[in-house]
Amino acid sequence: MSNIEQFGTVRLGQRSVKRLGYGAMQLAGPGVFGPPKDRGAALAVLREAVASGVNHIDTSDFYGPHVTNQIIREALHPYPGDLLIVTKVGARRGTDASWNPAFSREELTQAVHDNLRNLGVEVLEVVNLRAMFDTHHPAEGSIEAPLSVLAELQRKGLVRHIGLSNVTPAQIAQGRRICDIVCVQNLYNLAHRDDDALIDDLARQGIAYVPFFPLGGFTPLQSSTLSDVAARLGATPLQVALAWLLHRAPNVLLIPGTSSLAHLRENLAAVQLSLSPQVLAELDRIAA
Ligand SMILES: NC(=O)c1ccc[n+]([C@@H]2O[C@H](COP(=O)([O-])OP(=O)(O)OC[C@H]3O[C@@H](n4cnc5c(N)ncnc54)[C@H](OP(=O)(O)O)[C@@H]3O)[C@@H](O)[C@H]2O)c1
């Protein structure tokens with residue numbers, strides 16, 4: 001079993017979580033819609049992640065929808081005291097599996113209650129507001145109205161901490177004028193580095209940065225440089241991609257997703273990789 005604590009911990013709201021966590025999106029059915037093919041395997045992945053020391057799980061009630069949270073509850077409830085489950089609101093699934101914005105007061109309130117019920121908790125520890133001005137990339141637009149609704153739900157005690165997802169630096173600045181922002185979750189990995197400056201800025205401000213698609217998402221990363229480095233280190237390319245993120249900045253928290261026990265074990269073992277400055281420079285050239 002890997003010692004996933006060796007890269008230290010990061011403060012997320014009132015908790016400290018290990019740098020390597022788990023993203024639960026892959027536990028729903030194909031296209032993150034409906035039930036998984038093998039519910040038993042999904043339960044086993046979650047239980048092994050936590051037994052291996054993972055104490056940070058990323059989810060949303062719009063994965064499935066509802067299915068992923070219900071599987072998390074079945075696998076892990078009553079939750080270990082140190083487990084931090086982070087969820088997100090702001091999107092709604094169509095009956096055709098489409099991803100639609102859900103920013104109205106009614107939709108956000110409903111989403112918070114759906115998460116509470118399906119996860120089986122009294123309060124959501126961290127909720128990310130997922131911006132949907134463009135489904136796939138951060139795009140400018142005011143988040144004042146939806147974030148104010150989430151901040152009201154926080155004042156009512158239903159939400160402990162608030163984060164932002166799929167957002168621009170201007171939206172983060174706007175958000176911080178409305179409420180405390182504890183984390184930012186955007187697309188970032190070895191090959192997609194639009195947020196390089198943002199990560200360093202957030203590190204200086206003590207805000208956690210949680211890259212989604214750390215392995216490349218639905219199309220896992222492929223690069224000859226990555227494969228060469230991995231072969232030299234006796235590791236897999238995706239382990240090197242995770243290790244590179246762990247080295248990237250101290251505020252980066254990883255939530256790689258998998259529906260497979262073998263991949264989970266491989267991903268957790270990535271913490272054993274120490275990358276030299278020369279190897280990091282070589283990997284940095286992939287996105288250049
Ligand atoms: N805020 C947002 O908008 C947003 C968007 C997307 C995702 N997320 C969050 O971020 C988390 C991570 O993203 P993600 O799961 O979509 O993408 P990811 O972690 O970059 O990659 C997951 C993909 O890689 C495969 N994989 C995982 N480990 C592997 C390994 N060791 N070897 C080979 N293939 C491997 C998985 O397939 P297998 O199942 O076969 O292992 C899956 O297809 C999600 O779970 C979710 O919680 C947030």
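The values are calculated or read from the model by the stated rules, or taken from the named source; none is laboratory data. Everything numeric here is computed off the predicted structure, so don't read it as measured data. Every residue, glycine among them, receives a Cβ derived from its backbone with ideal geometry; neighbour counts consider all protein chains shown. To get the accessible areas, we keep the full protein, side chains included, count just its heavy atoms, and leave off ligands, DNA and RNA. Shrake-Rupley method; radii C 1.70, N 1.55, O 1.52, S 1.80 Å.
The table that follows gives values for the structure above.
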quantity	calculated
Flag for L119 being touching a residue at least 12 places away in the same chain (Cβ under 8 Å), within 15 Å of the ligand (Cβ to nearest atom), touching a helix residue (DSSP H, G or I) at 6+ places or on another chain (Cβ under 7 Å) and closer than 19 Å to A249 by Cβ	no
Single residue of the stretch 256-288 satisfying the filter (aliphatic (A, V, I, L, M) and closer than 17 Å to R193 by Cα) that is surrounded by the most Cβ atoms within 10 Å (Cβ to Cβ)	L283
Selection from the stretch 241-258 of residues that are in contact (Cβ under 8 Å) with a residue 40 or more places away in the chain and more than 9 Å from the ligand (Cβ to nearest atom)	W244, L245, L246, R248, A249, P250, N251, V252, L253
Residue check, L202 of a type in the set (A, V, I, L, M, F, W, C) and more than 12 Å from the ligand (Cβ to nearest atom)	yes
Some residue of the stretch 58-66 being acidic (D, E), out of contact with any Phe, Trp or Tyr (no Cβ under 8 Å at 6 or more places or on another chain) and within 23 Å of C183 (Cβ to Cβ)	yes
Subset of the stretch 154-190 [touching a Ser or Thr at 6+ places or on another chain (Cβ under 9 Å), within 29 Å of P256 (Cβ to Cβ) and in a helix (DSSP H, G or I)]	Q171
Options A230, A197; residue that is of a type in the set (A, V, I, L, M), assigned to a helix (DSSP H, G or I) and within 16 Å of the ligand (Cβ to nearest atom)	A230
Qualifying residues in the stretch 1-27 (those that are among the hydrophobic types (A, V, I, L, M, F, W, C) and open to solvent by 10 Å² or more (accessible area, probe 1.4 Å)) - the one nearest to the ligand (Cβ to nearest atom)	M25
Qualifying residue in the stretch 32-40 (condition: touching a strand residue (DSSP E or B) at 6+ places or on another chain (Cβ under 6 Å) and either within 16 Å of N267 (Cβ to Cβ) or of a type in the set (V, I, T) (or both))	no
Selection status of R232, over 30 Å from L27 (Cα atoms) and open to solvent by 40 Å² or more (accessible area, probe 1.4 Å)	yes
The listed residue being assigned to a helix (DSSP H, G or I), within 30 Å of L275 (Cα to Cα) and either in contact with an Asp or Glu (Cβ under 7 Å, 6 or more places away or on another chain) or modelled with pLDDT under 95 (or both), out of T225, T219	T225
Considering residues of the stretch 239-255 that are open to solvent by 40 Å² or more (accessible area, probe 1.4 Å) and within 17 Å of the chain's Cα centre (by Cα) only, the residue farthest from E5 (Cα to Cα)	R248
Condition check for T135: open to solvent by 30 Å² or more (accessible area, probe 1.4 Å) and within 11 Å of the ligand (Cβ to nearest atom)	yes
Any hit, the stretch 138-158, residues being modelled with pLDDT of 95 or more, over 25 Å from L46 (Cα atoms) and under 18 Å from the mean Cα position of the chain (by Cα)	yes
Single residue of the stretch 60-72 satisfying the filter (buried (at least 24 other Cβ atoms within 10 Å of the Cβ), free of Cβ contacts under 8 Å to residues at least 60 places away in the same chain and part of a loop (DSSP other than H, G, I, E, B)) that is nearest to the ligand (Cβ to nearest atom)	Y63
Residues of the stretch 259-283 that turn out to be near the ligand (Cβ under 8 Å from one of its atoms), in contact (Cβ under 8 Å) with a residue 24 or more places away in the chain and of a type in the set (G, A, S), as a count	2
In the stretch 77-106, the residues that are within 18 Å of the chain's Cα centre (by Cα) and in a helix (DSSP H, G or I)	none
